[in-house]
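Below: the structure, in C-alpha cells.
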Ligand SMILES: NC(=O)c1ccc[n+]([C@@H]2O[C@H](COP(=O)([O-])OP(=O)(O)OC[C@H]3O[C@@H](n4cnc5c(N)ncnc54)[C@H](O)[C@@H]3O)[C@@H](O)[C@H]2O)c1
C-alpha cells in the first residue's frame, strides 16, 4: 500500500469509533470504497469476508490482504439474489456492491438494478436472521436533478424513471424503500448513507467504470488532455475518501444512526470548469477538450449535511484542494 493510502487509513482509525473482534461482511469489498473499508477492519483486528464479482473493482485492490487469516474473499455475483452457503454470524453487513459510474449506467443498467434490488433483499434477510447491523450506501442520484440545492434528506427527488441513469437512480431509491419496508415488516437495524461524489485512491478510471476526478488525473498524467462536458457550469461537492470512510464508520457504529438516513459530501460546491482548471494547475501542461453534456447530467449537486453533523458530529477534515493533491500523488504513482 502506498504512503497516501496508508496515512489515510491511519487517519480514519484515529478519528473513528473503536471496533475490534467483530465479524464483518463487505459486498463490493474489492471496489474503491469497499477495499479501504476492508483495510480498516483488518487493521483494527476484525474478521472480514468480502464478496465481489470484480465487475468494477479489480482484484489488485485487495490482493495485499490475501495471506491474512482474518480476511476471506469469495468471488460472488449478487445479481442472482443469492448469498453463498455456509456464511453466518456477522455483526455488520456493508452492502457496497453496485457498479455506479455514468459510463456503466448505459452498459450495465439491468445488472445495476438487479444488484441493488435482489442483492439488497437477500442481504436484508440475512441481516434479520443473523441480527446484523445493515449498512447501505445510497447516492445523491436518488435526488435526480434537484430543484432544491443544497439538498436536504427530506427532498423527494426530481428523477427520470426512463433515462440513461434511471436503473441506478431508481435502483438506489427502490433499495432504500425495501430497507424501510423490511424493517417495518420484519425488523432490521439499518443505516443508510447517501454519498455525493466521493474521490480518492483506488477509484476506477477509464471507460466504463471511471469517475471524473480519477479519469482526469490519469488522463492529465498519461495524455496531457482532459475532457470537460458541457459549459462546465454544472457543480458538484466532492468528498475525499478518508472523510467518506469516517462517515461510513460513524453511521454504521454509532447507535444514534440506527434506522436513519444521512447525506454525506463535500462542503464546497465547485463548478466542473473550475475543477478542470485545478487539475491543469496541478500538472501544468494539460489541454482541456470540450464535449457536449451527456443526457440527464445533473445541473447542480451539493448536499445539505446538517443532519450528519448534528446527529453524529461528523465534519469533513480534508479540503477539496488537499484531497485533490493527495489523489494526484496516488494516481501519479499507481494509476
Ligand atoms: N463513489 C461514489 O462517489 C459513490 C457515490 C454514490 C454512491 N456510491 C455507492 O457506494 C458503493 C461503493 O461504490 P464505489 O465507488 O466503491 O464503487 P466501485 O465500483 O469501485 O465498487 C463497487 C464494487 O461492487 C462490485 N460489484 C458490482 N456489482 C456486483 C455484483 N452483482 N456482485 C458482486 N459484486 C459486485 C464491483 O466489482 C466493485 O468491486 C456503491 O454501492 C455505489 O453505488 C458511491
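Only one residue in 214, 244, 174, 181 is surrounded by fewer than 20 Cβ atoms within 10 Å (Cβ to Cβ), in a helix (DSSP H, G or I) and within 16 Å of the ligand (Cβ to nearest atom). Which one? Talk me through it step by step, then tell me what you get.
Numbers: 214 fails: surrounded by fewer than 20 Cβ atoms within 10 Å (Cβ to Cβ); 244 fails: surrounded by fewer than 20 Cβ atoms within 10 Å (Cβ to Cβ); 181 fails: within 16 Å of the ligand (Cβ to nearest atom).
After ruling out the rest, the residue left standing is 174.
Test of understanding: among 62, 92, which residue is surrounded by 15 or more Cβ atoms within 10 Å (Cβ to Cβ), in contact (Cβ under 8 Å) with a residue 24 or more places away in the chain and over 22 Å from residue 204 (Cβ atoms)?
On the way: 62 fails: over 22 Å from residue 204 (Cβ atoms).
Exactly one of 62, 92 is surrounded by 15 or more Cβ atoms within 10 Å (Cβ to Cβ), in contact (Cβ under 8 Å) with a residue 24 or more places away in the chain and over 22 Å from residue 204 (Cβ atoms), namely 92.
Let's see how each residue does on (1) touching a helix residue (DSSP H, G or I) at 6+ places or on another chain (Cβ under 7 Å); (2) touching a residue at least 24 places away in the same chain (Cβ under 8 Å); (3) within 18 Å of residue 33 (Cβ to Cβ):
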| position | (1), (2), (3) |
| --- | --- |
| 248 | yes, yes, yes |
| 264 | yes, yes, yes |
| 270 | yes, yes, no |
| 277 | no, no, no |
| 284 | no, no, no |
| 287 | no, yes, no |
| 294 | yes, yes, no |
Residues (within 19 Å of residue 111 (Cα to Cα) and part of a strand (DSSP E or B)) located in region 41-73:
51, 52
Does region 94-107 contain at least one residue that is more than 8 Å from the ligand (Cβ to nearest atom) and not in a helix (DSSP H, G or I)?
yes
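Those residues that are in a loop (DSSP other than H, G, I, E, B) and in contact with a helix residue (DSSP H, G or I) (Cβ under 9 Å, 6 or more places away or on another chain), I need them from region 250-262; list them, please.
Within region 250-262, the first condition is being in a loop (DSSP other than H, G, I, E, B), and the residues that meet it are 254, 258-259.
The answer is 254, 259.
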Do you know which of the residues in region 8-38 that are in contact with a helix residue (DSSP H, G or I) (Cβ under 7 Å, 6 or more places away or on another chain) and part of a strand (DSSP E or B) is nearest to residue 101 (Cα to Cα)?
27
Consider residue 57 carefully, then state whether it is away from the ligand (no atom under 11 Å from the Cβ), buried (at least 16 other Cβ atoms within 10 Å of the Cβ) and under 27 Å from residue 208 (Cα atoms).
no
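Computed from the coordinates by the stated procedures, all read-outs in this text should not be read as laboratory data. Everything numeric here is computed off the predicted structure, so don't read it as measured data. With ideal geometry, Cβ positions are generated from the backbone for all residues, glycine too; neighbour counts draw on all protein chains shown.
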